[in-house]
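Scroll down for the structure; my scribbles are underneath it.
The values are calculated or read from the model by the stated rules, or taken from the named source; none is laboratory data. Because the structure is a prediction, the values reported are computed rather than measured. Here the Cβ positions follow ideal geometry from the backbone for every residue, glycine too, while neighbour counts run over all protein chains shown.
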Amino acid sequence: DQQVKQNSPSLSVQEGRISILNCDYTNSMFDYFLWYKKYPAEGPTFLISISSIKDKNEDGRFTVFLNKSAKHLSLHIVPSQPGDSAVYFCAASGLSGGSNYKLTFGKGTLLTVNP
Amino acid sequence: ETGVTQSPTHLIKTRGQQVTLRCSSQSGHNTVSWYQQALGQGPQFIFQYYREEENGRGNFPPRFSGLQFPNYSSELNVNALELDDSALYLCASSFDPPVSTDTQYFGPGTRLTVL
């Protein structure tokens, strides 16, 4: 049973345009959400996070939006650059299982930014 | 400041064997988490160690065990290897079990193949 779902395995956008990556979750105990980026042969790299008490967090070209009622979050990248091409993982943490440190990941979305 | 390192990079074992994977935390970090990433999936939480004690465990059988040493480096041991254990094993280090988890830094992973 997948608690964090990324329903788009891949996304292709043109350089300079907006990339929107989506993520849905089912566990109401999740209270912190993160996006990680992963290049081949490297470990995931933290990108941006958001607490459940907020609905938006921005860091440069990256903005994460959280809609708690819909249990949905999205990552916006504006403008997209070829170097952004990578697999993006949505992850969540909360007090489920007695630990608030375990990250539950989605399957990832492969973003390709075309020059 | 050195990042998270893992060894070996790649490993091939046969079914029924035992394997030990190693992780060196980022300087100053006292918490290590281990994740298994099967092909086409997101990372799955195995367990976390904080100051040499297990601090949370995911849905993995007891043949997956770990250790954390006084210098905060860590080992993941898997006994009686099965074909399904073939995966990328990631460790992530952080400073104290954080309320926010955006400070988990991942290593590049160890690719384990079980034949």
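Working only within segment A:8-47, note down all residues that are of a type in the set (Val, Ile, Thr) and either at the interface with chain B (Cβ under 8 Å from one of its Cβ atoms) or farther than 21 Å from A:LEU103 by Cβ (or both).
A:VAL13, A:ILE18, A:ILE20, A:THR45
Being within 14 Å of chain B (Cβ to nearest Cβ) and free of Cβ contacts under 8 Å to residues at least 60 places away in the same chain is the filter; apply it to segment A:76-99 and report the residue that is surrounded by the most Cβ atoms within 10 Å (Cβ to Cβ).
A:ALA86
What's the number of the only condition in (1) buried (at least 16 other Cβ atoms within 10 Å of the Cβ); (2) out of contact with any Pro (no Cβ under 6 Å at 6 or more places or on another chain); (3) not aliphatic (A, V, I, L, M) that A:LYS38 fails to meet?
(2)
Got at least one residue in segment A:103-111 being more than 11 Å from chain B (Cβ to nearest Cβ) and either modelled with pLDDT under 90 or surrounded by 19 or more Cβ atoms within 10 Å (Cβ to Cβ) (or both)?
Yes, there is a match, as at least one residue in segment A:103-111 is more than 11 Å from chain B (Cβ to nearest Cβ) and either modelled with pLDDT under 90 or surrounded by 19 or more Cβ atoms within 10 Å (Cβ to Cβ) (or both).
What is the number of the single condition among (1) basic (Lys, Arg); (2) outside any strand (DSSP E or B); (3) within 17 Å of B:GLY42 (Cα to Cα) that A:LYS37 does not meet?
Only one criterion is unmet by A:LYS37, namely (2).
Across segment A:58-75, which residue is nearest to A:CYS23 (Cα to Cα) among those that are within 13 Å of the chain's Cα centre (by Cα) and hydroxyl-bearing (Ser, Thr, Tyr)?
A:SER74
Mind telling me which of the residues B:GLY42, B:GLY56, B:GLY107 ends up being in contact with a strand residue (DSSP E or B) (Cβ under 7 Å, 6 or more places away or on another chain), within 14 Å of chain A (Cβ to nearest Cβ) and at positive phi?
Answer to the check: B:GLY56.
Among the numbered criteria (1) free of Cβ contacts under 8 Å to residues at least 40 places away in the same chain; (2) crowded, with 17+ Cβ neighbours inside 10 Å; (3) not acidic (Asp, Glu), which single criterion is violated by A:LYS54?
A:LYS54 satisfies every listed condition except (2).
Regarding segment B:19-41, can at least one residue be identified that is within 30 Å of A:GLN6 (Cβ to Cβ), assigned to a strand (DSSP E or B) and either at pLDDT below 90 or of a type in the set (Lys, Arg) (or both)?
Looking for residues that are within 30 Å of A:GLN6 (Cβ to Cβ), assigned to a strand (DSSP E or B) and either at pLDDT below 90 or of a type in the set (Lys, Arg) (or both), one finds at least one in segment B:19-41, hence yes.
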